[in-house]
Amino acid sequence: MSFRIIVATDYQEMCRKAANIISAQVILNPESVLGLATGSTPLGIYRQLIDWCKKGDVDFSQVKTANLDEYRGIGPENDQSYAYYMFENFFKSINVNPGNTHIPDGKNPNAQEECRRYDELLRSLGGIDLQLLGIGQNGHIGFNEPSDIFEKGTHCVDLTQNTIEANSRFFASIDEVPKQAYTMGIQTIMMADKVLLAANGKAKAEILYQSFYGPVTPKVPASILQMHRDVTVVADEEALAVIKQKGYLSRSL
Ligand code: GLP
């Protein structure tokens, strides 16, 4: 197995360590293509990067970004869209060129066309240098939900009930959670040069164990990362509890 696990005591330390890895990437290659994620996990990572950018320690002026996913049917004007999230929580506070930030267009009703457009765009960027990932409680990465197959390119997904419920905490009511999303596929994620997966809290402990120490199966989409050649998992002690309990982390925790 070719992944490394970096242990953090708590959420804040997890964010600092993940942000350090991202800023190292940008310092080493100022023209990096960063694959970015949403959800609650990366919020502190973005806050830390904003802080360093303001201090002049990291420069995003030549960076390009491509987000993993977007809800289908809503656009940047909707405060629940991932386009809105990225602008509010990251892009508006760093010196990235807005023209270099890319997110699937949730407002394009033509799913086939939008998925093709996004795949072509990713190709034109020359691939992703570092892909940041969170992980869903059911093992989804981006919005690649548990399935019988690993989907390759960008595609339109029906969100599972588990994901709709988990994400309903951001919406006024569960009925407002979109039922579909556009997401990069597993192949796109696997083609990134490096993957950085961040996880915190006990709700992620079991799925982190299954993803990295269980069988590689599309029923647990993140398990495919066992086949990637450069994966770094940065997680807090709560999220690593099951891995530790099974005896895989005795040295570091
Ligand atoms: C969402 C996103 C994923 C994210 C996951 C976990 O469904 N599409 O990219 O990793 O939720 O979210 P959180 O970080 O809030 O636990």
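The values are calculated or read from the model by the stated rules, or taken from the named source; none is laboratory data. This structure is a prediction, so every number in the text was calculated from the model and none was measured. Glycine gets a Cβ as well: all are built from the backbone with ideal geometry, and neighbour counts include every protein chain shown. Heavy atoms of the whole protein, side chains included, go into the accessibility calculation; ligands, DNA and RNA do not. Shrake-Rupley method; radii C 1.70, N 1.55, O 1.52, S 1.80 Å.
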### Query
Across the chain, how many lysine pairs separated by 8 or more positions, or lying on different chains, have Cα atoms within less than 17 Å?
12
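Would you mind working out the magnitude of the charge dipole of region 3-252 relative to its Cα centre, with +1 at each Lys and Arg C-beta and -1 at each Asp and Glu C-beta, to the nearest 20 Debye?
Computed charge dipole of region 3-252: roughly 680 debye.
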### Query
How far apart, in nm, are two points set 7 Å out from the Cα along the Cα-to-Cβ line at residue 147 and at residue 77?
3.1
### Query
Ignoring any ligand, DNA or RNA, what whole percent of the accessible area of region 64-158 comes from carbon and sulfur when the probe is 1.4 angstrom?
46
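For the chain, what is the accessible area per residue in Å² when the probe is 1.4 Å?
Numbers: 11370 Å² over 253 residues.
Value for the chain: 45 Å² per residue.
Around residue 10, under 12 Å between beta carbons, what's the net of Lys plus Arg minus Asp minus Glu among the other residues? If you can, show how the numbers build up before the last one.
Values: positive: 16, 17; negative: 13, 236, 237, 238.
Residues close to residue 10 contribute a combined charge of -2.
Normalised by the number of residues in the chain, what is the relative contact order in percent for Cα pairs under 8 Å and 6+ residues apart? Walk me through the numbers before you get to the answer.
Values: 519 pairs, mean separation 63.7, N = 253.
Relative contact order comes out at 25 percent.
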### Message
What whole-number distance in Å separates the alpha-carbon centres of region 43-113 and region 137-201?
### Response
17
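For region 1-145, calculate the relative contact order in percent as a whole number, restricting contacts to Cα pairs under 8 Å that are 6 or more residues apart. Don't jump to the answer; show the numbers that get you there.
Values: 195 pairs, mean separation 39.5, N = 145.
Rounded, it is 27 percent for region 1-145.
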### Query
Around residue 154, what is the net charge, scoring Lys/Arg as +1 and Asp/Glu as -1 over all other residues with Cβ under 13 Å from its Cβ?
-3
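By the scheme Lys and Arg +1, Asp and Glu -1, what is the net charge of all other residues having a beta-carbon under 14 Å from that of residue 94?
Details: positive: 47, 54, 55, 64, 92; negative: 51, 57, 59, 88.
Residues near residue 94 contribute +1 overall.
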